[in-house]
Amino acid sequence: MMFLSNGTIGLSLVALAAASQIRTVSADGLFTDPLLFSYEPYDSGNTKTLLVSYRDDSAHENVVNYTKKMKGVGRQVKEKNHTLKKAHKLQRAAGSSGDKKAKSDKDRRLRWLQEDQAIMAGFSVLELETDDLKAEIAALSAIEGVTAVEEDSMMHIMSMEYDQKLRGGGGVAEHIHEIQDAISATADELPEEDVEAQHGRRLAEETPYGINMVNASHVWPETPATNIKICVVDTGYDLGHVDLPTDGVQGYDQYGQLWSNDGNSHGTHCAGTIGAIGGNDIGVTSVNPDPSKFTFYIGKGLSDSGSGSNAGVMAAVQACVEAGAKVISMSLGGGGYSSITNAQYEDIYDQDVLIVAAAGNSGNSALSYPASYPSVVSVASLTSSGTRSSFSQYNDQVEISGPGSAVKSTVPGNNYDTYSGTSMACPHVAGVAALLWSHFPECKNNQIRNAMIYSAVESGSAGWDAYYGWGRVNAGNAYELLKQGCEFAGGPYSDPLHDLALGGKDQVPSPPTPAPTPAPPCPSAQERFEVQIQTDNYPGETTWTLTDKCESNGVILSDGSYDSTNTLFSTMSACVNDGQYEFKINVSYCTFCECSSSHFKIINC
């Protein structure tokens, strides 16, 4: 966010008088379309922030000229421009209607949309001093080429600790039980002699239960194809923490505070789940334990208080994209739907970036944003036993789930703590997405997203449900699926990519196919021999055998007489010692000179 005189933070949210009948202003000057969700006011005096979208460069110039006129009459105003890569269409929130009534005035936000599907080429963030926000929006809506004007909204972290401390959140009893279960789960994974140490002295290094639950370790032995950049948009990062990466870490400052200082601890905790250093005999490990295989970028989207503005979050997200981040983790939410924000996230999705966000901690079916935008992956929370966390929100946009109750991770001061929330589930999924993408950089964001869905471990009803989405993220399953190819694992892609981003229950067209079961590791003296057969139009004519020519084991593997045409079969493998082996393919009614060699592929031989 930007600052006005005396360092006042322009968070834009105004305390609304309870007796006022406030609506958004339409083209004819009437205020319509109340919000259909809870609105969180933030009293910042007369300093307000507005998001103003425009249809082209000429319209943006009109907005700039308007601010110059304001300054000319002594008004204080600042303008910051955000240009999209290409124009997008503004959309109303599903179910939005001027005929519906908000519960109270605090459920209303001032906003104006020229029309559904109006064009947005970019938007200005205006920070100004005013005591009549309705009049300001009406004046801005009259500028030629302006397509939407929205009052900014508040964002905050998505941890139960924040909700219970600052907001009087409920569910304390259930939360305590979930914490106790998580402690027991961690103790169950330790050698018996270390259980006592878990509650006394600090262990050399601990694997939080969530790391095993998402099966991250299956991928660790593999060598990534690229070093991927992961962005955490949150309260900051404790640069210099002994258990977090320092080399190459950069970030974006905001609110007059440094990204490299986390005065809250929430951002450092989320970053630790994604990338705390493993194998260093201290603290905890993470989804991505090797700092040489990825790079952090930190966006100070929220202040040290744990709150901030939608405009501030959007500025941090844009900084992540410009820095080259491929995965953005956002354990935050609040403020409700914004047509301008939705268009910006569509634009970022079209740049092949994957954004993951927390579904929310209200324990109800409300839509939380940014998680519920179709271009964002909404993550629900699980307990250590794999059941839904009592606080986790459930709705049609919930897409996938991850461990979120009583998660241990890094906090500032070379310390560690246990937090709960969809905030904690989000970095598990974001970390898995980055881990997978580093091995398959040729895939598009939508393919990585769908591969996580198709390989998820079902946790609730078969297929999708509102509590778990498509199931629990599983890195090992997704890795094995992606080995078959990006399109095989995640479907074809087309431009613009955001047309493929439907989110939640609609993200994939059919229930996921059964996830492949990763083969267990071979003994250290052996290597795995894996066979992949791509059938042609005559699958029943193909058979094959693998024979040990040195030992008396004879035929080790065999298969054939397939029943599906033009299908990849890759379920056969065996652990073998050094030696000589004969791999023989028999194709009836065909000589090898007449058959395409691409029908047969032998790997890891």
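The values are calculated or read from the model by the stated rules, or taken from the named source; none is laboratory data. Bear in mind the structure is a predicted one, so any value in this text is a computation, not a measurement. Quick reminder, even Gly has a Cβ in these numbers, built from the backbone with ideal geometry, and neighbours come from all protein chains shown. Areas reflect the complete protein model, heavy atoms only, side chains present, ligands, DNA and RNA absent. Shrake-Rupley method; radii C 1.70, N 1.55, O 1.52, S 1.80 Å.
General observations
- Cα pair count fraction exceeding 19 Å, expressed as % - the stretch 288-411: 51 percent
- Cα gyration tensor shape of the stretch 409-459, rounded if a/c is under 1.5, else prolate or oblate by comparing a/b with b/c: oblate
- Over the stretch 110-163, accessible surface divided per residue gives 28 Å², non-protein components excluded, 1.4 Å probe.
- The listed residues 326, 71 rank as 71, 326 when sorted by accessible area, largest first, using a 1.4 Å probe.
- Anisotropy class of the stretch 415-524 from Cα gyration tensor, a/c 1.5 cut: rounded
- For the stretch 336-413, size of Cβ-based charge dipole, Lys and Arg +1, Asp and Glu -1, in debye: 520 debye
- Each residue was assigned an accessible area with a 1.4 Å probe, and for residue 442 the value is about 120 Å².
- Cα gyration tensor shape of the stretch 201-347, rounded if a/c is under 1.5, else prolate or oblate by comparing a/b with b/c: prolate
- Checked against a 18 Å cut-off, the cross-linked pairs 85/505; 326/408; 549/584 give Cα-Cα distances beyond that limit for 85/505; 326/408.
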